[in-house]
1. Evaluate the Kirkwood expression for the hydrodynamic radius of the range 30-201, namely the inverse of the mean inverse distance over all pairs of different C-alpha atoms, and round to one decimal in Å.
2. Among Thr148, Thr100, rank each residue by its count of other Cβ atoms within 10 Å, from fewest to most, as a rough exposure measure.
3. Only helices at least 27 Å long along their own axis, judged from Cα atoms, and with Kyte-Doolittle mean hydropathy of 1.0 or greater: name those in the chain from DSSP H.
4. What is the fewest-to-most order of Ile182, Ile139, Ile63 by other Cβ atoms lying within 10 Å of their Cβ?
5. What whole-number volume per residue, in cubic angstrom, does the convex hull of the C-alpha atoms of the range 126-202 give?
6. Which length gain, in nm to one decimal place, applies between Ala41 and Ser151 when the Cα-Cα distance is subtracted from 0.36 nm times their residue separation?
7. Which residues make up the longest stretch of the chain clear of trypsin sites (Lys or Arg not before Pro) that lie in a DSSP loop with no more than 13 other Cβ atoms within 10 Å, not counting the sites?
8. Which shape class applies to the range 22-117: rounded if a/c is under 1.5, otherwise prolate when a/b exceeds b/c and oblate if not, where a ≥ b ≥ c are the square roots of the Cα gyration tensor eigenvalues?
Amino acid sequence: MSDLPSPHENLSFLRSLAEAGRDAPLMAGPYLIAGGGWFAAASLIQWPLIRDLLDLDANRAAIAWLIAAAGFAIHLAGLIKRDRNKVENTSNLAINAAWTAIGFGIFAFWMGTAVMAYQRGDGFLMNSISLQVLSVYGIGWSVAAAMTRQSWMKFTAFAAFATIPILGAFVGTGHEFLIYSIALVLTAVVPGIRLAREAHTA
């Protein structure tokens, strides 16, 4: 009986498991790179200076959104298939669930806005999608920061939230596409690369 661990030792063991789970690398990096990368590129193509450089009018440039959506869907399917059998810790499960919900929320908002724009005959309403995307990105990074206690994630969440009024001020000028593209790179692609590197070296 003397070989049994004491309550204090049991508590220390459980605490070490919890800390290991909290500090385990997150697996969302490649997904953030994919989503941010495809749509950042599509948004950049909408920027008037790039459209002129590529000799595209607004209607032809808009096709880039459809290409980005298709490319991301294929990319996402490949990532899901690759990661299907990976074992996730509690932090990864919670954060991945949050980002999955964010993805569905963005898609549902896009559908609802598209229907509303069609009914009202006002395509300008579609500009609200970028504001919503950055809003939920900020929420996603806030959740990740709370789960992992990593301060750089708090900064990323703040950056997403702070960009929203700036982006709103430029909607209609054409420069909102450049701002949105940069915002996606800074709040999805760059953090995604960091997470992917941390997961690879862990």
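1. 16.9
2. Taking fewest neighbouring Cβ atoms as first place, the list is Thr100, Thr148.
3. Taking the DSSP H segments of the chain (at least 27 Å long, mean hydropathy at least 1.0), we get 128-148, 151-170.
4. By the 10 Å Cβ count, ascending: Ile63, Ile182, Ile139.
5. Looking at the range 126-202, the number lands at 74 Å³ per residue.
6. Working it through step by step, the gained length comes to 36.8 nm.
7. 1-83
8. Note, shape of the range 22-117 comes out prolate.
Values in this text are rule-based calculations from the coordinates and carry no lab data. From a predicted model like this one, the values you see are computed outputs, not experimental measurements. Here the Cβ is made from the backbone with ideal geometry for all residues, glycine too, and neighbour counts use every protein chain on show.
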